[in-house]
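The values are calculated or read from the model by the stated rules, or taken from the named source; none is laboratory data. Here the structure is a predicted model, which is why all the values come from computation and not from measurement. Because the Cβ atoms are built from the backbone with ideal geometry, glycine has one as well, and the counts that use them run over all protein chains shown. Surface areas here come from the heavy atoms of the whole protein model, side chains and all, with no ligands, DNA or RNA. Shrake-Rupley method; radii C 1.70, N 1.55, O 1.52, S 1.80 Å.
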Amino acid sequence: MTIWYTADLHFGHENVIEFCNRPFKTVEEMDTTLLANMRKRVKKGDEIWILGDFAFGPRAKDRFYLSYLFGKIPCNKRHLVIGNHDAQPTLDLPWTSVHHLAEAQDGSLKQNNTLCHYPMVTWNHSRRGSLQLFGHVHGNWMGTRNSVNVGVDVWDYAPVTMDEIEARARDLPVNRNWAEAEAMA
């Protein structure tokens, strides 16, 4: 079993194509590509964490459309960490779990990493090597050595594994506010 992470899918959100300079001509092409990329990587016995903004716009109110999208996610364990655009119809889908903030054990250190839609400066076990995974900022910021953006806009429109996240984290800069924030902890 593999655990996957992603954020900011924005299924059904036509304007995100222009706002985030996504390489799609239509929202239908975007939604189809996001699902196809997910199916290429995620298998039935896997688990996926979606760190917010599953869908947005008028289609995000269409329960039939949302159920269709949800059913196309190829695994049985689907977790949602609520983002600022996740409305009640998204929350009502049959997620394995729904959180505002979660911890998930995964990665080479076999410790709990903190999952939140929003980037954070510090979190539980941050001084012990725990990573914080986030979305929300789309392609505007990759993150830092210990806080990594898992949004589709910076991962070729596909979910990623903790091994991939840890590899990217090693190449990211140290958060310039880290020492000051942790000095007070």
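Give, to the nearest whole percent, the P(r) tail of the chain beyond 22 angstrom, counting all Cα pairs. Across the chain, Cα pairs with separations above 22 Å total 42 percent. Between residue 161 and residue 124, the C-beta separation translates, for a Förster distance of 22 Å, into a calculated FRET efficiency of about 0.50. Between residue 44 and residue 84, full extension at 0.36 nm per residue minus the direct alpha carbon distance yields a gain of 11.6 nm. With 21 Å as the limit, the listed pairs 40/110; 44/72; 40/72; 25/77; 40/61 have 40/110; 25/77; 40/61 beyond it between alpha carbons. Projecting label points 7 angstrom from Cα along Cα→Cβ for residue 108 and residue 67 puts them 4.5 nm apart. Distance between the 7 Å Cα→Cβ label points at residue 172 and residue 26: 3.5 nm.
Once both labels are positioned 7 Å from their Cα atoms along Cα-to-Cβ, the gap between residue 96 and residue 145 label points is 3.2 nm. Surface exposure of the chain, expressed per residue as accessible area with a 1.4 Å probe, stands at 49 Å². Close amide H partners of residue 111, meaning residues 5 or more places away or on another chain with modelled amide H under 5 Å apart, are 106. For the stretch 102-177, the pair-distance distribution built from all alpha carbon pairs, in bins 10 Å wide starting at 0, is 21, 60, 19, 0 percent. Any idea what diffusion coefficient the stretch 25-96 gets from Stokes-Einstein, in µm²/s, Kirkwood Rh on alpha carbon pairs, 20 °C, 1.002 mPa s? Rounded, D is 170 µm²/s.
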